[in-house]
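The values are calculated or read from the model by the stated rules, or taken from the named source; none is laboratory data. Note that the coordinates shown come from a computational prediction; the quantities given were computed from them, not determined experimentally. Glycine gets a Cβ as well: all are built from the backbone with ideal geometry, and neighbour counts include every protein chain shown. Heavy atoms of the whole protein, side chains included, go into the accessibility calculation; ligands, DNA and RNA do not. Shrake-Rupley method; radii C 1.70, N 1.55, O 1.52, S 1.80 Å.
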Amino acid sequence: MLPFEGERMFALPPDQVWPKLRDMAFLATSIPDATPKGAATRDRATATVQPGFSFMRGSLEITAEIIDAQEPTTVQYRLTSKGIGSSSVVETALTLLPHEQGTKVQYRAEVTSLTGLLKMVPAGLIRGAAQKVIEDVWTGVAAKIVSANQP
């Protein structure tokens with residue numbers, strides 16, 4: 001439906017990056033402006049976010065879960081969001097590759113479902129908003145991985 005692709009570089013080797021990207025409890029604390037709901041586990045986390053989009057008001061409940069993981073090279077996630085009058089599902093796959101002294105993470109995310117009011121929002125507007133969210137989440141994840149691996 002709406003695909004997004006890219007890559008991120010980490011100065012740490014895959015054996016230090018993969019466990020963090022495989023841990024939903026760790027990743028949930030990297031979502032900007034999220035308020036965790038309940039106890040997150042290694043496979044699942046739920047949070048409430050206030051999206052900063054002009055086309056969406058109110059709050060969203062996001063459930064993120066690991067749907068597949070093959071240590072130390074791949075992780076797949078499903079993110080389901082629900083708000084007043086709308087919902088979405090995004091599936092993401094990461095591939096971790098050794099790169100020089102660190103790790104290259106290739107990602108592909110796809111919006112597989114939009115319902116309610118989100119169906120009426122132009123794809124270009126959703127794409128722009130999603131790109132900003134993706135960048136913000138990657139920035140948060142990178143900072144947490146670096147800080148978690150410092151002595």
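Counting heavy atoms of the protein chains only and a 1.4 Å probe, report the per residue accessible area for the chain as a whole number of Å². Walk me through the intermediate numbers first.
Numbers: 8400 Å² over 151 residues.
That works out to 56 Å² per residue.
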| Heavy-atom accessible surface of region 1-103: percent carbon and sulfur, 1.4 Å | 51 percent
| note | Probe 1.4 Å, all chains present, heavy atoms only: Ile134 accessible area in Å², nearest 10, is 30 Å²
| query | Helix 123-148 sits at what angle to the longest principal axis of the chain, using alpha carbons and giving 0 to 90 degrees rounded to 10? | reply | 30 degrees
| task | Specify which labelled value, from (1) 15.3, 49; (2) 17.7, 51; (3) 21.9, 82, agrees with Rg and Dmax of the Cα atoms in Å derived from the coordinates of the model shown. | result | (1)
| message | Quick one: 3J(HN,Hα) in Hz for region 37-49, Karplus 6.51/-1.76/1.60 with θ = phi - 60°, rounded, Gly and Pro as x. | response | 10, x, 8, 6, 10, 5, 9, 7, 8, 10, 8, 10, 10
| request: Enumerate the amide H contacts of Ser59 below 5 Å, restricted to partners 5 or more residues apart or on another chain; note that Pro and chain-start residues carry no placed amide H. | output: Ile84
| task | For region 81-87, take each phi angle, set θ = phi - 60°, evaluate the Karplus expression 6.51 cos²θ - 1.76 cosθ + 1.60, and give the result in whole Hz per residue in order, putting x for glycine and proline. | result | 10, 9, x, 6, x, 7, 7
| Potential extension, Leu125-Lys144 segment - 0.36 nm per residue separation minus Cα distance | 3.9 nm
| message | Can you give me the distance in nm between label points at Glu100 and Glu65, each placed 7 Å from the Cα along the Cα-to-Cβ direction? | response | 3.9 nm
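Taking the Cβ of Glu110 as the center, what net charge do the other residues with Cβ under 13 Å away carry, scoring Lys and Arg +1 and Asp and Glu -1? Show your work: numbers first, answer last.
Details: positive: Arg78, Arg108, Arg127; negative: Glu5, Glu91.
After counting each charged neighbour, the total is +1.
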| query | In square angstrom, rounded to the nearest 10, how much accessible surface does Glu65 have for a 1.4 Å probe? | reply | 50 Å²
